[in-house]
1. In this structure, is Gly333 farther than 25 Å from Thr202 by Cβ and in contact (Cβ under 8 Å) with a residue 60 or more places away in the chain?
2. Considering only residues that are more than 22 Å from the chain's Cα centre (by Cα), polar (S, T, N, Q) and assigned by TED's automatic domain parsing to the domain that holds Phe326, which ones fall in the range 221-275?
3. Mind listing whichever residues of the range 95-135 are out of contact with any strand residue (DSSP E or B) (no Cβ under 9 Å at 6 or more places or on another chain) and either hydroxyl-bearing (Ser, Thr, Tyr) or more than 29 Å from Ser306 (Cα to Cα) (or both)?
4. So Ala278 passes all but one of these: (1) out of contact with any strand residue (DSSP E or B) (no Cβ under 7 Å at 6 or more places or on another chain); (2) of a type outside the set (Phe, Trp, Tyr); (3) surrounded by fewer than 18 Cβ atoms within 10 Å (Cβ to Cβ). Which condition number does it fail?
5. Could you please find all residues in the range 91-104 being touching a residue at least 60 places away in the same chain (Cβ under 8 Å) and either surrounded by fewer than 23 Cβ atoms within 10 Å (Cβ to Cβ) or over 28 Å from Ala340 (Cα atoms) (or both)?
6. Mind checking which residues of the range 268-302 are more than 23 Å from Gln129 (Cα to Cα) and touching a helix residue (DSSP H, G or I) at 6+ places or on another chain (Cβ under 6 Å)?
7. Say whether the condition of being among the aromatic types (Phe, Trp, Tyr), at pLDDT 95 or above and touching a Gly at 6+ places or on another chain (Cβ under 7 Å) is met by at least one residue in the range 30-37.
8. Mind checking which pairs have a first residue in the range 73-90 that is in the same structural domain as Ile190 (by TED's automatic domain parsing) and within 19 Å of Val211 (Cα to Cα) and a second that is assigned to a loop (DSSP other than H, G, I, E, B) and among the charged types (D, E, K, R), Cβ under 9 Å, 6 or more apart or different chains?
Amino acid sequence: MNDVDRRDPRPQTISAAYGVATDAGFGAVAPPIYLSSTYEFAGYDQPRRYDYGRGGNPTRDLLGEALAKLEGGAGAVITASGMAALDLLVGRRRPGDLILAPHDCYGGTMRLLKARADRGHCSVRFVDQADEAAFGAALADVPALVLIETPSNPLMRVVDIEALAARARKAGAEVAVDNTFLSPAIQRPIALGADYVIHSTTKYLNGHSDVIGGAIVAADPAAVEELRQWANVVGSAGAPFDAWLTLRGLRSLFPRMERQQINAMAVANHLQRHPAVANVYYPGLASHPGHLIASRQQRGFGAMLSFELAGGVPAVRQFIDAVEFFTLAESLGGVESLVAHPATMTHADMGEEARAVAGISDSLLRLSVGLEAEQDLIAGLNKGLAACSA
């Protein structure tokens, strides 16, 4: 008997083929892109499924359906950026609602939360979520939302989603997990108890560094509808062409992640052995404090890692000037390898004090490992490491 059910395909099949050969008009294999901003009514007081592009678009919805299936959610809303996806959730909060966020979260996330709190739209508390006592004390103040980021950006700290979600639910809070660093190819937070999953689709889901976009997936159908209505109110919808490009990138998500993880592990092992490197942060290493949790809740360790150079800022400058095959740039998740200096780039807006609390030192570098040949990546790193070791 054939054990394949076309109605319940595996994640790899959803990623590669969702929406393929569904064009009823011309039989196109690749789903068409709908760029129209407005749609004809069938008649007086007879709107069709789509009437205006801000509220709905077939291409955008196709991407949302694919992501919802991959994440195990009831639906998804596609936004203009990852920050727009986060703000779609945060912006619906009322004055007095408390949001608990990681003390070491992405700099842009911290900037948004502080900006909302400064304007009285909500209250925010940053807490070390790996500290059970600190997290418990924060839950005692009855938060409305707990925001989780695992692995963290940029120190790759890992927290137990299932344990945190259970405690948050008991306290009456909703739980949202930023899954940008891993994607549903590696981690599915809804299955671990999350109510929402947030993505910067700019990163691994698109995978080609040519789109800015975001998505929020909800576990509950009613929550999906509320998010869609709010997206229409505030106008945060993503563009159809960006959605089409992201869907195109999604086709190769699983093989990309598989190869990039292999490269990342090789890079992490190499850096760990090099005398110019003081510390390596990668959950795939057995020495990583979150290795066991990551092994349990993830289907791999991803392609992001960070490391500290023993020579401090002078070594950072020398490394960046000499390294090959790693481009100095912000962002991550593309097929090309990138290196970033969080203190002066992605997390500069946090401020020196907040970075110190989070443990983000000036000697820290973050790598997004791509699809280049493993040997070339190692050789390129050696060029940089040799320069700062001289």
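The values are calculated or read from the model by the stated rules, or taken from the named source; none is laboratory data. Since this is a predicted model, take the numbers as computed values, not measurements. Neighbour counts are summed over all protein chains in view; Cβ atoms, including those assigned to glycine, are modelled from backbone coordinates with ideal geometry.
1. In short, no.
2. Result: Asn269, Gln272.
3. Correct list: Asp118, Arg119, Gly120, His121.
4. For Ala278, the exception is condition (1).
5. Gly91, Arg92, His103, listed by residue number.
6. Correct list: His270, His274, Ala276, Val277.
7. no
8. Gly82/Lys203
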